[in-house]
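Quick notes on the structure that follows.
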Amino acid sequence: MEIPYAVQPREDTGLYNAKLGIWLFLASEVMLFGALFSSYILLRVGAAPGAWPHGLLNIPIGTLNTLVLITSSVTVVMAWASLKMNQLSRFKMYQTLTVLFALTFVCIKSYEYHDKFTHYEVVLKDGKSMTGHIEGSPMLWNLTKLNVKKIPSITFTPEAAHGSHDAKSEGAAGASAHGEPTKIATSDIVKLECFGPFHNTYLAIYFTLTALHALHVIGGAIVIGYILFTSGRWWKKNPEQLTNRVEVSGLFWHFVDLVWIFLFPVLYLL
Amino acid sequence: MQPTSHSTHAATHHEHEHYDPGFLRKYVFSTDHKVIGIQYAITALVFLFIGYSLMAMMRWQLAYPGQPIPLVGGLLEKVLGDAALEGKMSGDLYNAFGAMHGTIMVFLGIVPLAFAAFGNFVVPLQIGAPDMTFPRVNMASYQSFFVGGVIMLVSFFIPGGAAQAGWTSYSPLATVTPTAGQTWWIIGMIFLITSSLLGAVNFIATIIQLRAPGMTWMRLPFFVWAQFVTAFLLLLAFPPLEAAAVMQLMDKVAGTSFFLPTGLVISERVADISGGGSPLLWQHLFWFLGHPEVYVLILPAMGIVCEVLCNNSRKPIWGYKSLVYSLFAIGFLSFIVWAHHMYLTGMGTAISTFFQTTTMIISIPSVIILTVFFISLWGGSIRFNTPMLFTLAFLPMFGIGGLTGLPLGFNFSDIHLHDTYYVIGHFHYVVAPGTIFGLFAGIYYWFPKATGRMMNEFWGKVHFWLSLIFMNAIFMPMFHQGMGGMLRRMSDGGVNYSLAQNADALGAMSDSLIKTNVHVSHAAWALGLAQIPFIINFFVSMWRGRKVTSDNPWEATTLEWQTPTPPPHGNFTKPITVHRGPYEYSVPGHKLDFTPQNQA
């Protein structure tokens, strides 16, 4: 038994099955990310005046990542076009480039995550609060962890003058404004928290959206890589179906790019 | 086996003989839409039974609060420990059973049976397709559903028990409950959402791509249309719940505050959270799924009703196009009515007014559909067999369910009725004697196609009449209780809340209103007993039932009856071409009173 229109398009709809399937799937994905973007709007509109943080993210790095992803969108089209022109080796080159760009994106994203997990806010018993880095750049520490590990004190490098806590000086880009490293006794600390998703609702939605997007990038890279590795076999067996697969995975890839095109201004710039 | 190919009968037959994938591939890891449909059906029926059992135990607690549950109380204590100390149902256990009754019935019982089981088995047959477009995706859909179901069941036995925050899982309650049940619930839901996503994509693609030549859109059986719109609802409404589930999961495990407001107090202490979240956000996202979900529950049943009704009144449907357009109107409108579940949240009168207006508008296409069904009966020569009885009962039952929804849709009357037993009565009239009767009709109707044997008519009728009586005996008094002020989600049936000893107190309910719980519970248990004839009939008929003498025992017009019985892998033995509409019964001048769609 063979399923009709698995490879050849049906005349009256002009589509082969998988192409229709991926468009439907993407419609569902639009609703998924749409719901998260709506949540972003609702949380931001509902935030207390002045509470929504700005400038927490590194814009140059975000821009670089945007460029990486846009370039991968080009290579994914070139891979498909190469197959259409019967050039398997060119296809393989572009397909490899796409996977590499995807990995680059994920690496840069991980660096940004690491940056947030080593960036701390500390509140002292005398009511002072400051943001900065702990010596040795430990990840995801908090007061409970210090007590459990029996660490008597931390060496803290604040980003700006003690006690100041306005949005401007919090910027990761403003790293040049570092103050002097100070030793803080654990017993003086009321609260120690890195800029993880639990720090505020902005970071919560930032991590949720970008992590879900990164999962899509990784999933897409796996599929594109799989098609690359099996392409030699499929080229002999059924070149048309291989081209279809590249087209369908490419459609997904464009969607993943498009989500980032929305994510970048919303999370980094606005 | 392409419908377009010109393979001869003999050649196709040859192909079938060679299809022998072995037991595991054929029955467990099957890619055949009919086997997957039956897998879904059996799993869903088991879950319906589990969902019913939870409720049957809760009904004991409502009728006789604080008394040990007979028969199963000891077993509960052994398995669940302190939650059922001395065989009595604790408040936490009542909450867990209530939450899981809703979850299991909706997501693991009705939707899989109405949409996935019937849709899988019937849709490809009715459109003349050899299978679904993506058979392996179809298999993955069932497996994902199965895993989700197992996760939900296992969650009963983890420390602290299953989720307790109701099937709606409102935050912050769901988030701050200190047990892990809610986390399991979320993870189970993510599997179920994945399953329905895969299913929905498959259904839509199948209906668009694999219609047989000549099967134009307006020749589709109404059941296919119903599944088509349902699939779109699932495709587009479930993802926001998935987003919400991910955010609630983050709240549970990563310490975020998506749904937790600033200054949240838990057990008289200000919670150590960042705050800034919005409990309303969860409700918006949940009901954005929740309301289309209601139509996911009812539309497939309407599709089944249409098939059975035309077949047994031996008449074409009156107003086919009105049906189809109403269906689309419902599908579209169901996305913009969700906040009528939230009138009491303080979201503002302007928003309430908007949603109250859309809610009233959506009742119009529903009424059109019901009217079309009633008018179609007019002047028919009706056969009162079991599927038809269930179908005929569906019409007034769904009517009651729908009409009692109107006072809930107006925000001023909803202030009184919100969160009372009135809501439970309304909703269950739509889904229990409504949808479930439609599903029973479908089971009795398509059973001979799936097995080659008829179900017993006598026991079918016993099943029908008892179910009809007890369904009404359960849910009709609930309207009365609700209007009297009895709130839902009270684990003692309102005894403490009502201050029954002091009937003059504000908010007090009369003794008779509380005593009604006892009658309702007895009816609920009787309803369970009334399903025994069905269960026995189902299994005995499978092996011992009267064999069908033709591939088309109901003398129906649609394509599923043009296959061998049961249909082989690949369905049709010869290419199918469609020449006419779906319900050409009693066409003047024809020798027979039915003209199959593929007859030239």
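Loop-resident GluC sites (Glu not before Pro) (DSSP state other than H, G, I, E or B) in the stretch B:211-304 with no more than 14 further Cβ atoms inside 10 Å of their Cβ: B:Glu268. Relative to a virtual label point 7 Å from the Cα of B:Asp20 in the Cα→beta-carbon direction, which members of the stretch A:1-18 show backbone nitrogen distances below 20 Å? The answer is A:1, whose backbone nitrogens lie closer than 20 Å to the label point. Return the FRET efficiency for the residue pair A:Ile59, B:Val253: r is the Cβ-Cβ distance, R0 is 25 Å, and the value is rounded to the nearest 0.05. Efficiency, rounded to the nearest 0.05: 0.25. Residues of the stretch A:216-245 with backbone nitrogen within less than 16 Å of a virtual label 7 Å along the Cα-to-Cβ line of A:Arg90, please, listed as ranges. Label zone hits: A:243. In chain B, taking the dipole from charged Cβ atoms about the Cα centre, the farthest positive-side position among B:Gln227, B:Ala237, B:Phe374 is held by B:Phe374.
Of the GluC sites (Glu not before Pro) found in the stretch A:1-89, the ones in coil according to DSSP and having at most 10 other Cβ atoms within 10 Å of their Cβ are A:Glu11. Take every Cα pair under 8 Å whose residues are at least 6 apart in sequence, average their separation, divide by the length of chain B, and the relative contact order is 16 percent. Between the listed residues A:Met93, B:Leu125, B:Ile351, the Cα displaced farthest toward the positive end of the dipole of the protein assembly as shown, a dipole computed from Cβ unit charges relative to the Cα centre, is found at B:Leu125. Counted residue by residue at 0.36 nm each, then reduced by the alpha carbon distance between them, the extension gain from B:Met476 to B:Tyr170 reaches 107.4 nm. Once each of the trypsin sites (Lys or Arg not before Pro) sitting in a DSSP loop with at most 13 other beta-carbon atoms within 10 Å is removed, chain A keeps A:1-124 as its longest stretch.
Straightening the chain between A:Phe229 and A:Ile70 buys 54.9 nm, computed as 0.36 nm per residue apart minus the Cα-Cα spacing.
For the stretch A:77-156, applying the loop criterion from DSSP together with a ceiling of 15 other beta carbons within 10 Å to the GluC sites (Glu not before Pro) yields A:Glu135.
Considering only alpha-carbon pairs that sit under 8 angstrom and 6 or more positions apart, the relative contact order computed for the stretch B:244-397 is 24 percent. Neighbour counting of Cβ atoms within 10 Å sorts the residues A:Ile22, A:Ile261, B:Ile330, fewest neighbours leading, into A:Ile261, A:Ile22, B:Ile330. Given R₀ = 56 Å, what would the calculated FRET efficiency be for A:Lys149 paired with B:Phe335, taking r from the Cβ atoms and rounding to 0.05? The value I calculate is 0.65. When each of A:Thr230, B:Thr183, A:Thr98 is scored by the number of other beta-carbon atoms lying within 10 Å, the sequence from fewest to most is A:Thr230, B:Thr183, A:Thr98. For the protein assembly as shown, the ratio of Cα radius of gyration to the globular rule of thumb 2.2 N^0.38 Å stands at 1.04.
Site pair B:Leu406 and A:Val190 shows an inter-label distance of 5.9 nm when each label is modelled 7 Å from Cα along Cα→Cβ. The charge dipole of the protein assembly as shown, taken about its Cα centre with unit charges on the Cβ atoms of Lys, Arg (+1), Asp and Glu (-1) only, comes to about 1740 debye. The ranking of B:Phe355, B:Phe475 by Cβ neighbour count inside 10 Å, starting from the fewest, reads B:Phe355, B:Phe475.
With θ taken as phi - 60° and the Karplus curve 6.51 cos²θ - 1.76 cosθ + 1.60 applied, the whole-hertz 3J(HN,Hα) list for the stretch A:247-260 is 5, 5, 5, x, 4, 4, 4, 4, 4, 4, 4, 4, 4, 5 Hz, x standing for glycine and proline. FRET efficiency for the pair B:Arg136 and B:Val46, taken as 1/(1 + (r/R0)^6) with r the Cβ-Cβ distance and R0 = 25 Å, rounds to 0.55.
The relative contact order of chain A comes to 24 percent, based on Cα pairs under 8 Å that sit 6 or more residues apart.
Quick note: the coordinates plus some simple rules give every number you see, no bench work behind them. Keep in mind that this is a model prediction, so the values were computed, not measured. Positions of Cβ are backbone-derived with ideal geometry, glycine not excepted, and every protein chain shown enters the neighbour counts.
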